[in-house]
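Enquirer: Dumping the structure here so I can ask a few things about it.
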Amino acid sequence: MSLLVVGLSHRSAPVSVLERASLATDTQVKLLQDTLAAEPATEATVLATCNRIELYADVDKFHAGVAELSTLLAQHSGVGLEELTPYLYVHYEDRAVHHLFSVACGLDSMVVGEGQILGQIKDALARGQELHTAGRLLNDLFQQALRVGKRAHSETGIDRAGQSLVTFGLEQLAAGEAVDAWAKDKTALVIGAGSMSSLAAATLARAGVQQIVVANRTRARADRLVQILTEPGSTGVAARVVEMAAVADELTRADIVVSCTGSTGLVLTGAVMEEARRGSAAPLALLDLAMPRDIDAAAHRVPGVRLVDIESLAEASADAPMAADVDQVRALVSDEVAAFGAAQRAAHITPTVVALRTMAADVVASEVARLEGRLPGLDEKQRAEITQTVRRVVDKLLHAPTVRVKQLASEPGGAGYADALRTLFDLDPETVASVSRADTNDTDVKNRGRV
């Protein structure tokens, strides 16, 4: 395993840098394609959220891999390498596994314990599978990260330590008042219809808002969100769709605005906010969960307007208390990292063991054929008994060494045992490689679409 992750997050970089470095979906696709075209990487996927951008790759050279991945991140983010480098972090092999598992459990989130990151990890894996940039290592890694994250939420009290970014943002707007009481009977405008906006709409509906207005560039997605909100047995909230062009008018009637789109420019400028709120004394709460931001930071200067965005959430979360359950999750992550590393190391030697047994089978077949040439009078029963005896001898000779070498290979530093086997038995490297390729192809077929 030569897993490498290079990235930046709210822990390593200011929001202004994260905002500029954010990657649109088509840019992520190009980044993955270019990463695979680069010499050090054999597979890759990218985890991009509102507060982190991480490029995962299986590389054959550490230093070359770090240099290449850093350069690619800079090129595709539009932030110069010299400016970006101080904010980048690098994790390799077991440390990279530990990092992703911690991320999956919500330990590295802006709001500790939030569960939305699992959906984002799932999306990252699906993208790698769709583009065929995620091979055996990243498929195994991300599948296991999802299982570890689910374990953390089901077996520990990490949920008590954190919440979704949406809930945390609404709590900041409510300023100490219970969100349900604060939101009751208000009108909410939700801009965007992706996962974060949909979560915000559902949270507001459960909190008791009177009406939700949804605006989105793609009308069909907004219609679908409203359908979910208003279907029988759902939230029961009144909801309707408006075109993006009508957002300015809706601002004059809204009490709460939540925005999270994939736009690379401002959705609500300071001028639009001033015009919409001219002559209005009613308070307006704005929650901007987009990266880069949807709402002009100058909006907070408009009378009656209060703005909470990713930057202010980062400042507020720095003082948020962490539950004692976090220690339990950290222990779980450490155990899972050790188990994953052992499994990967053991799997690394499997092609060599298979190649060794294949060579032994060829030796048996060759010697039996030679014996038949020297003793042509053997009948079928005698020939079968001799063949079976030779096979049993070879199997018994190989059994203990192959079982033991798998055990040793699963331990830290055990990767060298595969090399030792290949050297001692003079195994054909192409035979070992062909077993590895076949194994990888089988894994790709099994994992494709399984997220």
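The values are calculated or read from the model by the stated rules, or taken from the named source; none is laboratory data. Nothing here was measured: the structure is a model prediction, and the numbers come from that model. Quick reminder, even Gly has a Cβ in these numbers, built from the backbone with ideal geometry, and neighbours come from all protein chains shown. Ligands, DNA and RNA are excluded from the accessible area calculation, which covers all protein heavy atoms including side chains. Shrake-Rupley method; radii C 1.70, N 1.55, O 1.52, S 1.80 Å.
Enquirer: Restricted to segment 221-259, and to residues that are among the charged types (D, E, K, R) and in a helix (DSSP H, G or I), which residue is least open to solvent (accessible area, probe 1.4 Å)?
Expert: Residue satisfying both the conditions and the ranking: Glu250.
Enquirer: Sticking with this one: Can you confirm whether Val390 is open to solvent by 30 Å² or more (accessible area, probe 1.4 Å) and assigned to a helix (DSSP H, G or I)?
Expert: Against the criterion (open to solvent by 30 Å² or more (accessible area, probe 1.4 Å) and assigned to a helix (DSSP H, G or I)), Val390 qualifies.
Enquirer: Looking at Leu289, is it open to solvent by less than 10 Å² (accessible area, probe 1.4 Å), under 18 Å from Leu170 (Cα atoms) and touching a helix residue (DSSP H, G or I) at 6+ places or on another chain (Cβ under 6 Å)?
Expert: yes
Enquirer: Also, I was wondering about something else. Name the single residue, out of those in segment 199-220 being of a type outside the set (Gly, Ala, Ser), assigned to a helix (DSSP H, G or I) and open to solvent by 40 Å² or more (accessible area, probe 1.4 Å), that is farthest from Leu268 (Cα to Cα).
Expert: Filtering segment 199-220 for residues that are of a type outside the set (Gly, Ala, Ser), assigned to a helix (DSSP H, G or I) and open to solvent by 40 Å² or more (accessible area, probe 1.4 Å), the one farthest from Leu268 (Cα to Cα) comes out as Arg206.
Enquirer: Return yes when Leu100 is within 21 Å of Ser12 (Cα to Cα), in contact (Cβ under 8 Å) with a residue 12 or more places away in the chain and open to solvent by less than 30 Å² (accessible area, probe 1.4 Å) and no when it is not.
Expert: yes
Enquirer: I'd like to check which helices (runs of 4 or more DSSP H) are fully inside segment 1-83 and have at least 1 residues that are buried (at least 16 other Cβ atoms within 10 Å of the Cβ), hydrophobic (A, V, I, L, M, F, W, C) and free of Cβ contacts under 8 Å to residues at least 12 places away in the same chain.
Expert: Helices (runs of 4 or more DSSP H) meeting the threshold: 62-77.
Enquirer: Filtering segment 88-130 down to residues that are under 21 Å from Ala24 (Cα atoms) and of a type in the set (Gly, Ala, Ser), which residue is modelled with the lowest pLDDT?
Expert: Ser109
Enquirer: Which numbered condition in (1) within 28 Å of Ala145 (Cβ to Cβ); (2) modelled with pLDDT of 90 or more; (3) surrounded by fewer than 16 Cβ atoms within 10 Å (Cβ to Cβ); (4) not β-branched (Val, Ile, Thr) is the only one that Met322 fails?
Expert: Every condition holds for Met322 apart from (2).
Enquirer: Next question, about the same structure. From the set of residues in segment 153-174 that are modelled with pLDDT of 90 or more and open to solvent by 70 Å² or more (accessible area, probe 1.4 Å), which is nearest to the chain's Cα centre (by Cα)?
Expert: Result: Ser154.
Enquirer: Name every residue in segment 331-345 that is crowded, with 18+ Cβ neighbours inside 10 Å and not polar (S, T, N, Q), in order of residue number.
Expert: Once the filter is applied, which keeps residues that are crowded, with 18+ Cβ neighbours inside 10 Å and not polar (S, T, N, Q), segment 331-345 yields Leu332, Val333, Glu336, Val337, Phe340, Gly341, Arg345.
Enquirer: Write out, first by first residue and then by second, each pair whose Cβ atoms fall under 6 Å of each other, whose residues are 6+ apart or on separate chains, and whose first residue, in segment 357-377, is surrounded by 14 or more Cβ atoms within 10 Å (Cβ to Cβ) while the second is polar (S, T, N, Q).
Expert: Short answer, once both residue conditions are applied: Val368/Thr387.
Enquirer: Do you know which residues across segment 130-145 are of a type in the set (D, E, K, R) and touching a residue at least 12 places away in the same chain (Cβ under 8 Å)?
Expert: Matches in segment 130-145: Arg136, Asp140.
Enquirer: On to the next question. Please specify each residue of segment 180-198 satisfying the condition of being surrounded by fewer than 19 Cβ atoms within 10 Å (Cβ to Cβ) and either among the hydrophobic types (A, V, I, L, M, F, W, C) or modelled with pLDDT of 90 or more (or both).
Expert: Of everything in segment 180-198, those that are surrounded by fewer than 19 Cβ atoms within 10 Å (Cβ to Cβ) and either among the hydrophobic types (A, V, I, L, M, F, W, C) or modelled with pLDDT of 90 or more (or both) turn out to be Asp180, Ala181, Lys184, Asp185, Lys186, Thr187.
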